[in-house]
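All remarks here apply to the structure that follows.
The values are calculated or read from the model by the stated rules, or taken from the named source; none is laboratory data. Quantities reported herein were computed from a predicted structural model and do not represent experimental measurements. Here Cβ is always computed from backbone atoms with ideal geometry, including for glycine, and neighbour counts include all displayed protein chains.
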Amino acid sequence: MKVAVNGYGTIGKRVAEAIRLQGDMELVGVSKANPDYEAILINKLGIGLYVPEESLKKFEDKGVKVKGTVEEMMRKSDAVVDATAEGTAQKYKALYQSMNKPAVFQGGEDADIADASFSALCNYDEAIGKKYVRVVSCNTTGILRMVCSMKGFGISSVNVDIIRRAADPREVKKGPINSITLDPVKVPSHHADDVKSVIHDLNIFTRAVVVPTTLMHIHQMTLRIKGKAERKDIIGSILNTPRILLLSPASGVKSTAEIIEIARDIGRKRSDLPEVIAFEDSIFLDEESVMITYAVHQESIVVPENIDAIRATQGKVSKMDSINMTDRSLGIKMGYLI
Ligand code: NAD
């Protein structure tokens with residue numbers, strides 16, 4: 001399958017690399033709107049660089065070589081992952097439609113841009129054969145993975161306090177740099193509705209604050225369950241779920257800084273951790289609730305989801321086959337991080 005990546009930022013560059021690692025996919029090229037250092041790097045990496053027609057002159061003036069326009073890239077492709085800046089994809093959808101190309105959108109777009117919102121573990125089958133699929137945001141992907149790992153216990157409601165990173169490490173113009181900001185003040189935050197775009201009837205409440213860090217998000221989740229569970233059942237369920245890793249009590253890890261250091265130490269490129277990282281010692285059960293705290297690496301968690309979403313649009317590979325193929329190719333694990 002020939003796949004294009006429209007938009008080469010935090011998400012697009014990682015998805016483009018992941019596509020190159022799939023046996024059943026070929027990366028046609030990537031696009032950027034501005035001739036900055038990343039555009040120069042794309043050429044150095046030997047990846048085809050395409051640009052919006054109106055940006056051609058900017059690239060030419062700066063002497064950055066391009067292979068053609070976004071439209072030309074699309075003509076060579078069977079499908080596209082749109083990872084353009086939030087709010088840009090709606091404009092591009094008309095192009096994808098006119099060329100009859102399936103597209104995978106990102107969580108920064110409204111849910112109605114696509115025929116289905118997507119979380120590989122929770123609703124792969126709903127996206128099978130759909131032309132337009134939207135991978136939900138990093139926070140929503142984390143919540144959904146955790147909820148779906150527990151669905152065997154019968155979930156009656158979910159509450160999540162989301163502690164969000166302020167910006168990605170490369171973003172120099174975002175904040176706050178000295179504040180804890182309620183985002184939003186009015187609850188629930190949009191994450192609850194985003195989760196419901198995948199699990200339509202889930203009783204879920206979310207609220208969020210933003211803190212001055214760039215490393216990861218933290219979620220503090222409470223699930224009310226209908227069935228009976230012991231702590232060991234919850235741990236067992238998490239250990240058997242793809243794309244979730246546990247931090248053992250023995251590790252003594254209690255911060256996102258240490259988690260990222262582990263990612264570096266074990267040789268993860270860019271210190272990416274597409275798995276949800278859950279603290280085993282944070283798991284607490286009472287009569288009817290399970291509480292758990294976990295970390296979400298915002299820059300990489302949606303990467304495997306994008307790969308599975310591309311396969312789902314083609315409708316040829318089953319859910320677990322796709323998840324396994326993706327995870328093997330990207331070195332994504334289950335079990336214990338440490
Ligand atoms: P980004 O700003 O890092 O990258 C966006 C890219 O799109 C840039 O390379 C830019 O040049 C390109 N672009 C902008 N306008 C374009 C146009 N008209 N044509 C072609 N390319 C264009 O953004 P990002 O953080 O990668 O986010 C992309 C999407 O992924 C958003 O919907 C966002 O909400 C979602 N998302 C982001 C994160 C995250 O933590 N960064 C996590 C999950 C989902």
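Residues of segment 26-39 being near the ligand (Cβ under 7 Å from one of its atoms) and of a type outside the set (Lys, Arg), which ones?
SER31, ALA33, ASN34, GLU38
For segment 294-311, how many residues are farther than 21 Å from ILE238 by Cα and within 12 Å of the ligand (Cβ to nearest atom)?
Total satisfying the criteria: 2.
Filter segment 120-178 for residues that are in contact with a strand residue (DSSP E or B) (Cβ under 6 Å, 6 or more places away or on another chain) and over 23 Å from ASN203 (Cβ atoms) and give the result.
ALA127, LYS130, TYR132, VAL133, VAL135, ARG165, ALA166, listed by residue number.
Mind listing whichever residues of segment 57-93 are on the phi > 0 side of the Ramachandran plot and surrounded by 15 or more Cβ atoms within 10 Å (Cβ to Cβ)?
GLY68
Does ILE42 fit the bill of being surrounded by 14 or more Cβ atoms within 10 Å (Cβ to Cβ), hydrophobic (A, V, I, L, M, F, W, C), over 19 Å from PRO274 (Cβ atoms) and away from the ligand (no atom under 12 Å from the Cβ)?
When the stated conditions are applied, ILE42 does not pass them.
For segment 105-125, indicate whether the set of residues that are over 22 Å from TYR8 (Cβ atoms), within 16 Å of the ligand (Cβ to nearest atom) and β-branched (Val, Ile, Thr) is non-empty.
Checked segment 105-125: no residue is over 22 Å from TYR8 (Cβ atoms), within 16 Å of the ligand (Cβ to nearest atom) and β-branched (Val, Ile, Thr).
May I ask you to verify whether GLU54 is part of a helix (DSSP H, G or I) and either exposed (fewer than 15 other Cβ atoms within 10 Å of the Cβ) or modelled with pLDDT under 95 (or both)?
Against the criterion (part of a helix (DSSP H, G or I) and either exposed (fewer than 15 other Cβ atoms within 10 Å of the Cβ) or modelled with pLDDT under 95 (or both)), GLU54 qualifies.
Would you confirm, using the coordinates I've provided, whether GLN22 is in a loop (DSSP other than H, G, I, E, B), within 29 Å of THR140 (Cβ to Cβ) and modelled with pLDDT of 95 or more?
yes
How many residues does segment 68-99 hold that are within 13 Å of the ligand (Cβ to nearest atom), of a type in the set (A, V, I, L, M, F, W, C) and part of a loop (DSSP other than H, G, I, E, B)?
Counting residues in segment 68-99 that are within 13 Å of the ligand (Cβ to nearest atom), of a type in the set (A, V, I, L, M, F, W, C) and part of a loop (DSSP other than H, G, I, E, B) gives 2.
Checking GLY154 against (1) within 11 Å of the ligand (Cβ to nearest atom); (2) closer than 21 Å to SER289 by Cβ, only one condition comes out false. Which one?
Only one criterion is unmet by GLY154, namely (1).
Residues to consider are LYS93, LYS151, LYS101; find the one that is among the charged types (D, E, K, R), without any contact (Cβ under 8 Å) to a residue 40 or more places away in the chain and under 23 Å from PRO242 (Cβ atoms).
Of the residues listed, the single one that is among the charged types (D, E, K, R), without any contact (Cβ under 8 Å) to a residue 40 or more places away in the chain and under 23 Å from PRO242 (Cβ atoms) is LYS151.
Just one of (1) crowded, with 22+ Cβ neighbours inside 10 Å; (2) touching a residue at least 40 places away in the same chain (Cβ under 8 Å); (3) within 30 Å of VAL104 (Cα to Cα) trips up LEU202, so point out which.
(1)
Kindly check whether there is at least one residue in segment 15-25 that is surrounded by fewer than 21 Cβ atoms within 10 Å (Cβ to Cβ), within 14 Å of the ligand (Cβ to nearest atom) and farther than 19 Å from THR69 by Cα.
Within segment 15-25 (the criterion being surrounded by fewer than 21 Cβ atoms within 10 Å (Cβ to Cβ), within 14 Å of the ligand (Cβ to nearest atom) and farther than 19 Å from THR69 by Cα), the answer is yes, since at least one residue qualifies.
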